[in-house]
1. Somewhere in region 11-25, is a residue touching a helix residue (DSSP H, G or I) at 6+ places or on another chain (Cβ under 6 Å) and either surrounded by fewer than 11 Cβ atoms within 10 Å (Cβ to Cβ) or among the charged types (D, E, K, R) (or both)?
2. Cβ-Cβ distance below 8 Å, separation of 6 or more or different chains: which pairs start in region 67-87 with a residue that is assigned to a helix (DSSP H, G or I) and end on one that is among the aromatic types (Phe, Trp, Tyr) and open to solvent by 70 Å² or more (accessible area, probe 1.4 Å)?
3. May I ask you to list the residues in region 57-90 that are over 16 Å from Thr4 (Cβ atoms), surrounded by 11 or more Cβ atoms within 10 Å (Cβ to Cβ) and aliphatic (A, V, I, L, M)?
4. Please work out which residue is most open to solvent (accessible area, probe 1.4 Å), limiting yourself to region 32-49 and to residues that are in contact (Cβ under 8 Å) with a residue 12 or more places away in the chain, under 14 Å from Gln7 (Cα atoms) and in a helix (DSSP H, G or I).
5. Being of a type in the set (Lys, Arg) and in contact (Cβ under 8 Å) with a residue 40 or more places away in the chain is the requirement here; does Lys6 meet it?
6. Answer yes if at least one residue in region 75-90 is among the small types (Gly, Ala, Ser) and under 16 Å from the mean Cα position of the chain (by Cα), and no otherwise.
Amino acid sequence: MPTTSKQIATNYADQVLSGQIVAGGLVKQACARFLSDLERFRFEEPLADHAVEFIQSLTHTTGEHAGKKFKLEPWQVFIIANLFGFLGED
């Protein structure tokens, strides 16, 4: 079972592209781009993991989940990994 944000995001992208997860064309394109970007750009796993861990350390304040920690779904980890894992030259 994947445990790091990179593993979770890669697993999600693979499942979308293989058809295990039903998704629209734009999501499929985002998944293909993510896998391609992993080969072309620098991905700093600790940065993505830190962002995911921070979000999951927060707690809901209202509603039926009040007092419980956030639990990100794989598609949400995929987004966070895309936002915080890739670094440019500078």
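1. Checked against the condition, which is being touching a helix residue (DSSP H, G or I) at 6+ places or on another chain (Cβ under 6 Å) and either surrounded by fewer than 11 Cβ atoms within 10 Å (Cβ to Cβ) or among the charged types (D, E, K, R) (or both), region 11-25 yields no hits at all.
2. Listed pairs, sorted by first residue: none to list.
3. Once the filter is applied, which keeps residues that are over 16 Å from Thr4 (Cβ atoms), surrounded by 11 or more Cβ atoms within 10 Å (Cβ to Cβ) and aliphatic (A, V, I, L, M), region 57-90 yields only Leu87.
4. Of everything passing the filter in region 32-49, Leu47 is most open to solvent (accessible area, probe 1.4 Å).
5. In short, yes.
6. Taking every residue of region 75-90 in turn, at least one turns out to be among the small types (Gly, Ala, Ser) and under 16 Å from the mean Cα position of the chain (by Cα).
The values are calculated or read from the model by the stated rules, or taken from the named source; none is laboratory data. Predicted, not measured: the structure shown is a model, and the values here were computed from it. A quick note on method: Cβ atoms are made from the backbone with ideal geometry, for glycine too, and the neighbour counts reach across all protein chains shown. The protein model used for the area step is the full one, side chains on, heavy atoms only, and it has no ligands, DNA or RNA in it. Shrake-Rupley method; radii C 1.70, N 1.55, O 1.52, S 1.80 Å.
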